[in-house]
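Before any comments, here is the structure.
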Amino acid sequence: MATTSTALPKAPVTDTASEPSERKPRRFGPSWFLVSPSVALLLLWMLVPLSMTVYFSVIRYNLLYPGENGFVGLENFHYFLTDAGFMPGMTNTLILVGSVLLISVVLGVLISALLEAADFTGRGIVRVMLISPFFIMPTVSALVWKNLIYHPVSGILAAVWKFFGAQPVDWLAQHPLLSIIIIVSWQWLPFAILILMTAMQSLDQEQKEAARLDGAGPIAIFWHLTLPHLARPIAVVVMIETIFLLSVFAEIFTTTSGGPGYASTNLAYLIYTQALLQFDVGMASAGGLIAVVIANIAAIILVRMLGKNLTEKY
C-alpha cells in the first residue's frame, strides 16, 4: 500500500537580525519637541540661580556699600574659608549629619523589626503615631521642643529633673548641638521607620519559618535574614537623608540661632549670617558654592559606597 506525502509550504525566511541595525533612531521627533519645554524650564530653573551665585561670588557685593561692586576674583572664597565660623560650621555639619544618620538608621531598624515581630491590638495606630512627626513642619517641631520640652523652667525635662530633686538643665544653652541633633533625629526617624517597615513586609516568611525549624533564634534570624534584606532600604534612607540634612536651617534658627558663639552653627546657618546679618552677598554666594561642592562630594561618595546596593542581588 503506497502512501503519498504532501510537503508543507515553507514560510519565507526573513532576515530579522538585520532589521534592528537598519533602523536609525530619529533625533528630532515629535517626542523631543514635547519634552523640550520641560527640559528648558528645568535648565533655566537651575542655571539662572547658579549663574547669579557665581557672578555675585566674584564681585564685592555688600548691601551696606551699594556703589562698590568691583571684581575681586577669588577673594570672597578666601575670606569665607578663613572666616572664624567656617571650621566650627563644617565640623558641626559633619557631626549633625553623621549623628542623625546613625540614630535614624539604628533606631529605625530596631523599631521596624519589633513592630514586624510583635502582634498586638492597635499596631496600626502605633505605626501611624510613629510616622506622624515626619509630617510636622521643622519650625513647628523646633518651637515645640524649645518651649515645651527643653525650657529650663516650664519644660517637661525640667519637671522630670525637679521630680528627682536635680537641678534642671538649660539644654539649648549648655548642650546646643546635642539639642539640635535630638530635634532633627525626632523629625527624620519616622522617615526611616516608614521605608524600613515597608521593606520588611516584603521579606519572605518561608525563609524565616525554615530558619526557625532549623533551630535559629530571633537574633540569628534578624542578623542573617532581616538585616541583609534591609541593605537596599538602608542605602536609600542614608542617601536621601544626607541630602536634606546638609541644609538643616529652620531648627537652628528657631532654637539656638547658631549659638552660643558657633557651638550650633552649620554651613547653612553660616551662609545665612553672612548674607542677611552681615549683608555680604558676595561672601555668602562664595559660601553657597562651597556648600554645593561639599554636597556633590558627599553625593559621589554615597553613590559609590551605598548606591551599588540598589543594583546588586543578594
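The values are calculated or read from the model by the stated rules, or taken from the named source; none is laboratory data. As the structure is a prediction and not an experimental result, all values here were calculated from the model. Here the Cβ positions follow ideal geometry from the backbone for every residue, glycine too, while neighbour counts run over all protein chains shown. In case anyone asks, the SASA skips ligands and DNA or RNA and just uses the protein heavy atoms, side chains included. Shrake-Rupley method; radii C 1.70, N 1.55, O 1.52, S 1.80 Å.
Within segment 165-201, take every residue that is without any contact (Cβ under 8 Å) to a residue 24 or more places away in the chain and among the polar types (S, T, N, Q) and give me the one that is farthest from Val105 (Cα to Cα).
Gln167
Just to confirm my filter: which helices (runs of 4 or more DSSP H) fall fully inside segment 1-113 and include at least 1 residues that are at pLDDT 85 or above and polar (S, T, N, Q)?
So the answer is 30-57, 75-81.
If I filter segment 212-221 down to residues being more than 35 Å from the chain's Cα centre (by Cα) and farther than 18 Å from Asp119 by Cβ, which single residue comes out as most open to solvent (accessible area, probe 1.4 Å)?
Top of the filtered list is Leu213.
Thr121: among the polar types (S, T, N, Q) and not in a loop (DSSP other than H, G, I, E, B), yes or no?
Against the criterion (among the polar types (S, T, N, Q) and not in a loop (DSSP other than H, G, I, E, B)), Thr121 does not qualify.
Going by the conditions given, is Thr242 among the hydroxyl-bearing types (Ser, Thr, Tyr), out of contact with any Asp or Glu (no Cβ under 8 Å at 6 or more places or on another chain) and closer than 16 Å to Val100 by Cβ?
The answer is yes for Thr242.
Have a look at Gln278, Gln201, Gln205 and point out the one that is open to solvent by 50 Å² or more (accessible area, probe 1.4 Å), closer than 30 Å to Gly73 by Cα and not hydrophobic (A, V, I, L, M, F, W, C).
None of the other options fit; the residue is Gln278.
Quick check on Ile103: is it open to solvent by less than 50 Å² (accessible area, probe 1.4 Å), within 29 Å of Arg232 (Cα to Cα) and in contact (Cβ under 8 Å) with a residue 60 or more places away in the chain?
For Ile103, the condition - open to solvent by less than 50 Å² (accessible area, probe 1.4 Å), within 29 Å of Arg232 (Cα to Cα) and in contact (Cβ under 8 Å) with a residue 60 or more places away in the chain - is not met.
Restricting to segment 146-164, give me the number of residues that are touching a residue at least 60 places away in the same chain (Cβ under 8 Å) and in a helix (DSSP H, G or I).
Residues in segment 146-164 being touching a residue at least 60 places away in the same chain (Cβ under 8 Å) and in a helix (DSSP H, G or I): 1 in total.
Against the condition among the small types (Gly, Ala, Ser), closer than 20 Å to Val109 by Cβ and open to solvent by less than 60 Å² (accessible area, probe 1.4 Å), how does Ala291 come out, does it pass?
For Ala291, the condition - among the small types (Gly, Ala, Ser), closer than 20 Å to Val109 by Cβ and open to solvent by less than 60 Å² (accessible area, probe 1.4 Å) - is not met.
Considering only segment 230-255, how many residues are over 15 Å from Pro190 (Cα atoms) and either in contact with a strand residue (DSSP E or B) (Cβ under 9 Å, 6 or more places away or on another chain) or open to solvent by 40 Å² or more (accessible area, probe 1.4 Å) (or both)?
The total comes to 6.
Any chance you could count how many residues in segment 236-266 are part of a loop (DSSP other than H, G, I, E, B) and among the aliphatic types (A, V, I, L, M)?
Residues in segment 236-266 being part of a loop (DSSP other than H, G, I, E, B) and among the aliphatic types (A, V, I, L, M): 3 in total.
Could you check segment 127-164 and list, in sequence order, the residues that are within 30 Å of Asp204 (Cα to Cα), touching a Leu at 6+ places or on another chain (Cβ under 7 Å) and β-branched (Val, Ile, Thr)?
Ile131
If you check every pair at least six apart or on different chains, which have Cβ atoms under 7 Å apart with a residue in segment 56-78 that is acidic (Asp, Glu) first and a residue that is open to solvent by 40 Å² or more (accessible area, probe 1.4 Å) second?
Going by the 7 Å Cβ cut-off, the qualifying pairs are Glu68/Arg60.
Quickly run through segment 175-198 and pick out the residues that are open to solvent by 80 Å² or more (accessible area, probe 1.4 Å) and farther than 30 Å from Ala263 by Cα.
Thr198
Would you check if Tyr269 is open to solvent by less than 20 Å² (accessible area, probe 1.4 Å), outside any strand (DSSP E or B) and of a type in the set (Phe, Trp, Tyr)?
In short, yes.
Restricting to segment 46-68, name every residue that is open to solvent by less than 70 Å² (accessible area, probe 1.4 Å) and under 9 Å from Gly282 (Cβ atoms).
Passing the criteria: Phe56, Ser57, Val58, Ile59, Tyr61, Asn62.
Is one or more of the residues making up segment 136-143 open to solvent by 50 Å² or more (accessible area, probe 1.4 Å), touching a residue at least 12 places away in the same chain (Cβ under 8 Å), touching a Ser or Thr at 6+ places or on another chain (Cβ under 9 Å) and over 30 Å from Ala263 (Cβ atoms)?
No, segment 136-143 contains no residue that is open to solvent by 50 Å² or more (accessible area, probe 1.4 Å), touching a residue at least 12 places away in the same chain (Cβ under 8 Å), touching a Ser or Thr at 6+ places or on another chain (Cβ under 9 Å) and over 30 Å from Ala263 (Cβ atoms).
Output the number of residues of segment 235-256 satisfying the condition of being among the β-branched types (Val, Ile, Thr) and more than 17 Å from Met305 (Cβ to Cβ).
Going through segment 235-256 one residue at a time, the tally reaches 5.
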